[in-house]
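Report on the structure given below.
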Amino acid sequence: MARYFDVHPQDPQPRAITQAVKIVLDGGLIAYPTDSCYALGAQLGNKDALDRIRTIRKLDDKHHFTLVCKDFAQLGQFVLIGNDVFRSIKAVTPGSYTFILPATKEVPRRLLHPKKKTVGVRIPDNRVVQALLAELGEPLLSSTLLLPDEEDPLTQGWEIKERLDHEVDAVIDAGDCGSEPTTVVDFSSGVAEVVRRGTGDPSRFE
């Protein structure tokens, strides 16, 4: 059964955050809120959790996983980013955008797109995630909590606990954080291409 943490969306209880991060560091898979919708999260090098995410979501090997980062210093360790692209991303960060960029050697190969060698990165504007990332000290390997054959992501922590009680190790409930995933912008060619329209305003990248 999954541990259940009911946290305040603006001022998450440090004890709950510490316990949730310990679960991640011990190899667990968590469901947590972001600034767009709930997501599944695990430690970067955790192959077992990666396989569990693939199973829960029925993903193929072309799926772009996301590294959820605390800030640009952290993000810069994992992706190659030129000055022009940096300025474009900086203007909307933190926020509800995921950016696809060429990965550095710091990213485990199993996370990369098999042909493009790219990975998704983002810096969310959400107090709970920022608290998790500060405690963890590294990015969270992440994927939107969108179940197969369902059009909308799950939006309620208690429902996630009910539906995925035996498939995740913890659920962090900070209330409804919306049902629309991030806007995804692919910068792998050096030019912005909006590949998914979501919460973030896509017009500035079109």
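Values for this structure:
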{"quantity": "Scope the stretch 26-59; condition among the aliphatic types (A, V, I, L, M) and part of a helix (DSSP H, G or I); matching residues", "calculated": "49, 50, 53, 56"}
{"quantity": "Any hit, the stretch 143-162, residues being modelled with pLDDT of 95 or more, of a type in the set (Ser, Thr, Tyr) and in contact with a Pro (Cβ under 9 Å, 6 or more places away or on another chain)", "calculated": "no"}
{"quantity": "Hits in the stretch 96-118 (condition: over 12 Å from residue 67 (Cα atoms) and part of a helix (DSSP H, G or I))", "calculated": "109, 110"}
{"quantity": "Within the stretch 119-206, strands (runs of 3 or more DSSP E) holding 3 or more residues that are in contact with a helix residue (DSSP H, G or I) (Cβ under 7 Å, 6 or more places away or on another chain) and open to solvent by less than 10 Å² (accessible area, probe 1.4 Å)", "calculated": "140-144, 170-173"}
{"quantity": "From the options 104, 183, residue that is over 27 Å from residue 4 (Cα atoms), free of Cβ contacts under 8 Å to residues at least 40 places away in the same chain and polar (S, T, N, Q)", "calculated": "104"}
{"quantity": "Residue that is least open to solvent (accessible area, probe 1.4 Å) [pool: residues in the stretch 1-25 that are farther than 21 Å from residue 124 by Cα and touching a helix residue (DSSP H, G or I) at 6+ places or on another chain (Cβ under 7 Å)]", "calculated": "2"}
{"quantity": "Residue within the stretch 79-97 that is under 25 Å from residue 11 (Cβ atoms), open to solvent by 20 Å² or more (accessible area, probe 1.4 Å) and among the small types (Gly, Ala, Ser) present", "calculated": "no"}
{"quantity": "Filtered residues of the stretch 35-52 (kept if touching a Gly at 6+ places or on another chain (Cβ under 9 Å) and of a type outside the set (Asp, Glu))", "calculated": "36, 37, 38, 42, 43, 46, 49"}
{"quantity": "Condition check for residue 93: assigned to a strand (DSSP E or B) and hydroxyl-bearing (Ser, Thr, Tyr)", "calculated": "no"}
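The values are calculated or read from the model by the stated rules, or taken from the named source; none is laboratory data. What you see is a predicted model, and the numbers here were worked out from it, not measured in a lab. Glycine also receives a Cβ, built like all others from the backbone with ideal geometry; neighbour counts cover every protein chain displayed. Note: areas computed on protein heavy atoms with side chains; ligands, DNA, RNA excluded. Shrake-Rupley method; radii C 1.70, N 1.55, O 1.52, S 1.80 Å.
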